[in-house]
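Working notes, structure below.
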Amino acid sequence: MSAPASRLLLRRRLIDAGKKRVSREPYRCFSCSVQLAQQQKPRPKSPQDAPSTTHFGFETIAEQLKEQRVGAVFSSVASSYDAMNDFMSLGIHRLWKDHFVRNLNPGCNPLTSSSKQGMNILDIAGGTGDIAFRMLEHASTINHDAHTRVTVADINPDMLAEGKKRALQTPYARSSRLKFVEANAEKLDMIPDSSVDLYTVAFGIRNFTHKDAAIREAFRVLKPGGVFACLEFSKVNNSLFDAVYKRWSFGAIPLIGQLVAGDRDSYQYLVESIERFPSQTEFRDMIQEAGFLVPGQGWEDLTGGIAAIHKGVKPL
């Protein structure tokens, strides 16, 4: 084939190839290209699509996992609960609990009260009965009230089992004045509206997934004039003391948990949960936001703020 003929054949092949490309790739303006790209781009996930998270100590986990993991912790420590609180409070938790109950003065003294039915007390996260037994003892011996009754509610069956076992050593084990129920503090369906005189929670609320929901439930079940009372680990108000306490908490308590109970992880969670709990002012504000009236500054510090008592009153 001659050179001119070869060049002519190559030119025709190039023209044919160009036509094919044009037929396969129709022209699109810039705005059309942008629109197409936006249509093909996957829709970003909205915040509602993302699973809700919460904290488990210093770890961030899905909300639906917290109840299960907290349950595992307290199932693990149920039989050594007093020893656990001894470690966490340097042994002072028994004095705090005594002060908490004396301050609330449960019971209706027949000489000063017209009530013949006593008080209806709901003790939340009180599985082992520590607070309930003190309440009944105070009502009976100090206020000479044989009618005040306490319902102990706890989400953990192992803690309730421990409480029932301990109740056998008290006069209230087979009494109608003491009842144990398995219940979630965030949804107390079995408790009617405005039926409780005193709602207590001691060293429990920091483990709740939705603390605000639990406080709203407390408001719902309390009678007008009823009292919400919470005893919980809090924020130490002296920087030097705080440094010493944190060194003890994070350095010694998990190690003691490992040596005494063979369970370092549970004790590690417990000290971390204290650190993550709201400050005194933040927790007071949560109580107010639920509708409670807060007396005074809203809390009483115990032992320099290692723990605090918070109160709220349901308006009349």
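The values are calculated or read from the model by the stated rules, or taken from the named source; none is laboratory data. In this text the structure is predicted, and so the values were computed from the model without any measurement. We work out accessible area using only protein heavy atoms, side chains counted, and drop any ligands, DNA or RNA first. Shrake-Rupley method; radii C 1.70, N 1.55, O 1.52, S 1.80 Å.
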note = Whole-Hz Karplus couplings 3J(HN,Hα) for segment 116-121, θ = phi - 60° and coefficients 6.51, -1.76, 1.60, Gly and Pro as x, run 9, 9, x, 9, 9, 10
key: Cut-off under 5 Å, modelled amide H: who pairs with Thr148 long-range   = Cys108, Met119
inquiry  = Probe radius 1.4 Å, ligands and nucleic acids ignored: give me the carbon and sulfur share of the accessible area of segment 75-313 as a rounded percent.
reply    = 53 percent
ask   = How much length is gained if the chain between Asn238 and Gln288 is pulled fully straight, taking 0.36 nm per residue apart and subtracting their Cα-Cα distance, in nm to one decimal?
value = 15.4 nm
task = Given a cut-off of 18 Å, name the pairs among Lys211/Lys311; Lys97/Lys311; Lys97/Lys314; Lys223/Lys311 whose C-alpha atoms lie farther apart than that in the structure shown.
result = Lys97/Lys314
